[in-house]
Amino acid sequence: MPRPFKIGLTGSIGMGKTETGKLFGRLGIPVYDADAAVHALYEKGGAAVAPIADAFPGAIVDGQVDRARLSTIVATDQDSFKRLEAIVHPLVARMREEFLDAAEQRGEPIVVLDIPLLFETKSQSQMDAVVVVSAPAAVQRARVLAREGMTEGKLDAIQARQVHDSEKRAKADFLIETDKGLSHAFEQVTRVVEQVKRRIGS
């Protein structure tokens, strides 16, 4: 049984990636959400709780990872951030493989892998196509700063660790612009799926 065609979905913080993933889901495409996987790993009983408790004990509250506390600890400390990545990335990759195995068993022709740090982790070579979501910098910044607990300093530190939007756009097989409303984004997503289906003969 062939593996599904893998669409890597990515974009910098605040670009609308999660909502775009939901649009693919509306078209019946299974979507693996890396952020949701991390949430599951951080919950009580999650596989990341114990190793994070060892590395960053101040980030644990009531037996689970407090994302706000963890973010404060690692946001401006590159070494701490790398330690966190070394814990979380292998666990997330394992969950992604389990998702792919299940999709293959079901005979899914196409899947979407929502991976925030696709280019940063050099994972684009594992995809059959890459979709980048993007919006103007001012829109991106306003969206992110509206989030609870977000500050200018945190945002600057996050962006410093991410490949620049212009570089992601240049490397994309498909580009989804998310600043023109959901209907416009859905039209773009629909075109991507139609093109992929033609490409694989589905």
*Quick check: is even one residue across the stretch 117-128 out of contact with any Leu (no Cβ under 9 Å at 6 or more places or on another chain) and aromatic (F, W, Y)?*
yes
*Among the numbered criteria (1) touching a strand residue (DSSP E or B) at 6+ places or on another chain (Cβ under 9 Å); (2) on the phi > 0 side of the Ramachandran plot; (3) of a type in the set (K, R), which single criterion is violated by K122?*
(1)
*Flag for R161 being at pLDDT below 95 and surrounded by 13 or more Cβ atoms within 10 Å (Cβ to Cβ)*: yes
*If you check every pair at least six apart or on different chains, which have Cβ atoms under 6 Å apart with a residue in the stretch 68-91 that is in contact (Cβ under 8 Å) with a residue 40 or more places away in the chain first and a residue that is among the β-branched types (V, I, T) second?*
F81/V74
*Among the listed residues V139, V111, V131, which satisfies the condition of being closer than 18 Å to K17 by Cβ and either part of a helix (DSSP H, G or I) or free of Cβ contacts under 8 Å to residues at least 60 places away in the same chain (or both)?*
V139
_Which pairs turn up if I take residues in the stretch 142-162 that are under 15 Å from I73 (Cβ atoms) and in contact (Cβ under 8 Å) with a residue 40 or more places away in the chain and look for partners that are assigned to a loop (DSSP other than H, G, I, E, B) and hydrophobic (A, V, I, L, M, F, W, C) with beta carbon separation below 6 Å, at least 6 apart in sequence or on another chain?_
K154/A75; A157/A75; I158/I13
*Check the stretch 16-28 and report whether any residue there is in contact with a Lys or Arg (Cβ under 9 Å, 6 or more places away or on another chain) and farther than 30 Å from I176 by Cβ.*
no
*Could you say which residue among A86, A93, A103 is under 21 Å from H39 (Cβ atoms), assigned to a helix (DSSP H, G or I) and modelled with pLDDT of 95 or more?*
A103
*Restrict the check to the stretch 72-82 and report whether at least one residue is modelled with pLDDT under 95, buried (at least 18 other Cβ atoms within 10 Å of the Cβ) and among the charged types (D, E, K, R).*
no
*With respect to V196, is the statement that it is in contact (Cβ under 8 Å) with a residue 60 or more places away in the chain, more than 20 Å from V139 (Cβ to Cβ) and either under 18 Å from the mean Cα position of the chain (by Cα) or part of a helix (DSSP H, G or I) (or both) true?*
yes
*Does at least one position in the stretch 104-121 carry a residue that is surrounded by 19 or more Cβ atoms within 10 Å (Cβ to Cβ), over 17 Å from the mean Cα position of the chain (by Cα), over 18 Å from A160 (Cα atoms) and among the small types (G, A, S)?*
no
_Out of the residues in the stretch 169-193 meeting the condition of being of a type outside the set (D, E, K, R) and not in a helix (DSSP H, G or I), tell me which one is farthest from V132 (Cα to Cα)._
G181
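The values are calculated or read from the model by the stated rules, or taken from the named source; none is laboratory data. What you are looking at is a predicted structure, and each value in this text was computed from that prediction instead of being measured. Please note: Cβ atoms are built from the backbone with ideal geometry, for glycine as well, and neighbour counts cover all protein chains shown.
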